[in-house]
1. Tally time: how many residues in the stretch 169-195 are surrounded by 14 or more Cβ atoms within 10 Å (Cβ to Cβ) and at pLDDT below 60?
2. Could you tell me how many of the residues in the stretch 97-130 are of a type in the set (Ser, Thr, Tyr), farther than 28 Å from residue 256 by Cα and either crowded, with 23+ Cβ neighbours inside 10 Å or in contact (Cβ under 8 Å) with a residue 12 or more places away in the chain (or both)?
3. Looking only at the stretch 37-89, which residues are surrounded by 21 or more Cβ atoms within 10 Å (Cβ to Cβ), outside any strand (DSSP E or B), touching a Lys or Arg at 6+ places or on another chain (Cβ under 7 Å) and among the aliphatic types (A, V, I, L, M)?
4. Would you call residue 47 in contact with a helix residue (DSSP H, G or I) (Cβ under 9 Å, 6 or more places away or on another chain) and on the phi < 0 side of the Ramachandran plot?
5. Among the residues of the stretch 193-242, which ones are touching a strand residue (DSSP E or B) at 6+ places or on another chain (Cβ under 9 Å), part of a loop (DSSP other than H, G, I, E, B) and closer than 15 Å to residue 64 by Cβ?
6. Looking only at residues in the stretch 1-36 that are under 13 Å from residue 93 (Cα atoms) and at pLDDT 70 or above, which one is surrounded by the most Cβ atoms within 10 Å (Cβ to Cβ)?
7. Just to verify a result, which residue in the stretch 136-163, among those that are under 23 Å from the mean Cα position of the chain (by Cα) and not in a helix (DSSP H, G or I), is modelled with the lowest pLDDT?
8. If only one of 58, 89 is of a type in the set (D, E, K, R) and touching a strand residue (DSSP E or B) at 6+ places or on another chain (Cβ under 7 Å), which one is it?
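The values are calculated or read from the model by the stated rules, or taken from the named source; none is laboratory data. Since this is a predicted model, take the numbers as computed values, not measurements. Note: ideal-geometry Cβ built from the backbone for every residue, glycine included; neighbour counts use all protein chains shown.
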Amino acid sequence: MSIVSNMLMLRRRLRKELQYAAMRHVFPITDTERVIASHSNRIFANSIPKAGTNLLSRLLKLMPNVVPWWTYHIDETIPGYSHQLSSGRKGQVITAHLPWSPSLLQELEHLEFRKLLIVRDMRDVAVSGAYYVTHMDRSHPLHDYLNSLPNDDERLMAMIKGVAAEHYPGGQIPPMWENDSYKSFLPWVDDPDNLLVRFEDLIGAMGGGDDNLQEKTIRKIASHIGTDLDAEQFEHIRSSLFSTSSRTFRKGQVGEWRNHFNEAHKQAFKDMSGYMLIRMGYEKNNDW
């Protein structure tokens, strides 16, 4: 790993640790914030990386029972996510990329978090991830490795098949990602207290989706976190939701993978994660 990447990773970690320290001590300032802190819920918004974390976070921060500036993202590279969760308070959204585990579920239930998981067609996730790591996040552990590959086809294949531990800093895959990252999220799908949100249902017509599905999804999320939306609130949320100004926004279009996958990519994906597409309802079989 280059000196620049090491410095960027160190700066990123320091920034997250400072942010974590600040988020442990948030307190209401206005009367509205005091009401929210007394009567709202803690919210855990989880996702597979590049599956729509920012879209879901943006939506939740627009909800009337959330204090938007309290929103915090758990960095799985900082040990002890339990301490990061335990500092959450009512009206606060905590986002994460955390696979299911019995201890995590127990912690969330003990703290009475309202849980959500946003999912996305994993083929689009692979395309988005390859672009983001290669071109946007110089502090990402795999930035140097992906840029060492000869072309975008090889980078996409690396995202589909996974990257060997030797290409990570220190020669170790981060503990949270030692296993199949997609499969490790499946128990969240089966959790009756977890609301499953599809990126494709939330994105609306502006992102190549459907406005009717978007409205149903927004209202379902509002109900799940304990609030109702009147017509004015809903229209404000919908009009403010989809933004191209986000640092991690690229296209967000449904089915973008078709413009990038060749036959080798398709076969590799079927071998590695085809079952996930079927399990989550994106395909009926591997004949695609």
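1. So the count comes out to 3.
2. So in the stretch 97-130, the residues of a type in the set (Ser, Thr, Tyr) come out as 101, 103, 128.
Applying the additional criterion that residues be farther than 28 Å from residue 256 by Cα yields 101, 103.
If we keep only those that are either crowded, with 23+ Cβ neighbours inside 10 Å or in contact (Cβ under 8 Å) with a residue 12 or more places away in the chain (or both) as well, we get 103.
Total satisfying the criteria: 1.
3. 51
4. Details: in contact with a helix residue (DSSP H, G or I) (Cβ under 9 Å, 6 or more places away or on another chain): yes; on the phi < 0 side of the Ramachandran plot: yes.
It is true that residue 47 is in contact with a helix residue (DSSP H, G or I) (Cβ under 9 Å, 6 or more places away or on another chain) and on the phi < 0 side of the Ramachandran plot.
5. 225, 226
6. In this case the residue turns out to be 36.
7. Top of the filtered list is 139.
8. On the way: 58 fails: touching a strand residue (DSSP E or B) at 6+ places or on another chain (Cβ under 7 Å).
That would be 89, the only listed residue that is of a type in the set (D, E, K, R) and touching a strand residue (DSSP E or B) at 6+ places or on another chain (Cβ under 7 Å).
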